[in-house]
Every structure is written in C-alpha cells, then in structure tokens.
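The values are calculated or read from the model by the stated rules, or taken from the named source; none is laboratory data. Just so it is clear, the structure is predicted and the values come from calculations on it, not from any experiment. Reconstructed Cβ throughout: ideal geometry from the backbone, glycine too, with neighbour counts over all protein chains shown. What goes into the accessible areas is simple: the full protein's heavy atoms, side chains included, and nothing from ligands, DNA or RNA. Shrake-Rupley method; radii C 1.70, N 1.55, O 1.52, S 1.80 Å.
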Amino acid sequence: MSLTRRLLRTCTIALAVTLPVSAVAAPAQMPVSVTADSGRFEQDAGSGLYRGNVELIQGKRKLFADEMRLFTRDGELIRVEASGTPVRMEEGEDLQAHANNLVYDIRQRTLVLTGDAYIEHLGNTFEGAKVEYSLDSKRVDASSEGDKRVRLVIPAENQTPKEDTPADNNANDEAPVAPSSEAEPNTP
C-alpha cells in the first residue's frame with residue numbers, strides 16, 4: 001500500500017473518530033423549498049434546473065449555488081447536483097461545506113464535493129480536490145489532484161487562551177495577597 005494511501009486512510013480514521021455522530025440531520029420528511037432567479041421543473045421527467053442565486057432549504061440544511069439540478073422519483077427528492085463559485089452547504093452551525101461542485105444523494109445521505117472541496121464539522125476541517133462525506137456516519141474520504149493535497153485539521157480541545165496567572169498558580173483564582181508590612185525583612 002502506498003504511503004499516500006496509508007496517510008489518507010489514517011486521516012479518514014482520525015476524522016471519523018473525532019466527529020461526533022450527534023450532528024442534526026434534516027429528516028427526509030421535511031419540506032424542500034427552492035428559490036432561484038429562473039427555474040424549470042419537468043414533472044414527468046422528474047427533474048428540474050434552477051439558475052441564478054439558487055437556494056435550497058430543508059430543515060436546518062441550506063444549499064446555495066449558481067446552478068442546481070434536482071431529481072425526483074415518485075414525487076420525492078432523491079438527488080441534488082449543484083455548481084457555483086462556490087456551492088455552499090450549511091446545517092445549522094455544526095456543518096459548513098463548500099466546493100465548485102456538490103452532489104447530494106438524499107437517500108444515501110452522502111455529499112460528494114469536487115473542486116477545492118472543504119468540509120468543517122464542529123471545528124474539524126477536511127480539504128481536498130474531492131471530498132466524500134456521509135451525513136450519518138460522519139465518514140470523510142478525500143483525494144488529491146495535482147499539487148492540491150488532502151488536508152485535515154483537528155483543533156486542540158481547549159482553544160480558549162488562558163489569562164496570565166500569577167507565578168504561584170493560585171488554585172482558588174483569588175487575587176494574590178500583598179506581603180504584610182509586619183513581615184520580617186529579608187536578611188542576607
């Protein structure tokens with residue numbers, strides 16, 4: 001197994017371990033709302049094409065793109081293909097993603113982002129030429145292209161900088177006590 005493939009597998013496992021499974025997922029029963037500058041939906045074909053400032057909202061999940069194709073089966077939305085500069089996806093404050101192209105398979109609950117792909121979930125980020133993401137398992141698979149390498153960032157658990165504490169590290173966070181004027185003077 002090549003070094004690149006081993007590193008990619010290690011990064012995938014590391015990210016899967018660090019991403020909690022508790023992210024809010026928009027239920028399939030939630031209505032889907034699409035707005036755009038122009039749109040055409042062909043009900044018999046089960047497909048629609050929307051252009052210009054396209055916005056899709058389903059529960060807490062929001063997609064923004066320049067162009068979006070929707071595919072339905074039996075009146076149910078099953079797939080979304082979006083392109084833009086960039087396409088953006090948000091799911092509350094937990095999940096942020098963007099890329100030049102995004103494919104969202106609603107039944108499989110997966111995202112495939114290509115072209116400067118980026119996903120941030122609860123502070124963890126993953127970047128690559130192509131990033132595949134499972135909304136259920138939080139599994140991320142990424143690949144590189146040319147000199148664009150895969151990048152994983154797992155933040156430190158405690159990102160809040162601590163204030164400078166006195167040298168005596170007073171455990172009770174009380175102000176240090178000034179020396180008493182009655183203290184014995186230091187003698188050499």
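Using a 1.4 angstrom probe on the protein heavy atoms only, line up Arg69, Arg51 by accessible area, largest first. Please list the in-between numbers first.
Working: Arg69 90, Arg51 115 Å².
The ranking, largest first, comes out as Arg51, Arg69.
With each label point set 7 Å from Cα along the Cα-Cβ vector, what nm distance links Arg73 and Asp147?
Computed distance between label sites Arg73 and Asp147 equals 4.3 nm.
First measure r as the distance between the Cβ atoms of Glu120 and Gln43, then evaluate 1/(1 + (r/R0)^6) with R0 = 30 Å and state the FRET efficiency to the nearest 0.05. Each step should come with its number before you reach the end.
Values: r = 36 Å, r/R0 = 1.21.
So the FRET efficiency works out to roughly 0.25.
Given the Cα atoms of region 42-112, and with Rh set as the inverse mean 1/r over their pairs in the Kirkwood sense, what is Rg to Rh to two decimals? It would help to have the intermediate numbers written out before the result.
On the way: Rg = 11.7 Å, Rh = 12.3 Å.
My calculation puts Rg/Rh at 0.95.
How do Ser47, Ser144 stack up against each other in accessible area, from largest to smallest, with a 1.4 angstrom probe?
Values: Ser47 35, Ser144 65 Å².
Most to least solvent-accessible, the answer reads Ser144, Ser47.
For Pro31, what charge total do you get from the other residues with a beta carbon under 15 Å from its beta carbon, if Lys and Arg give +1 and Asp and Glu give -1? Walk me through the intermediate numbers first.
On the way: positive: Lys60, Arg61, Lys62; negative: Glu55, Glu76.
So the environment of Pro31 carries a net charge of +1.
How many nm is it between the label spots at Asp105 and Lys60, if each spot is 7 Å from the Cα in line with the beta carbon?
2.4
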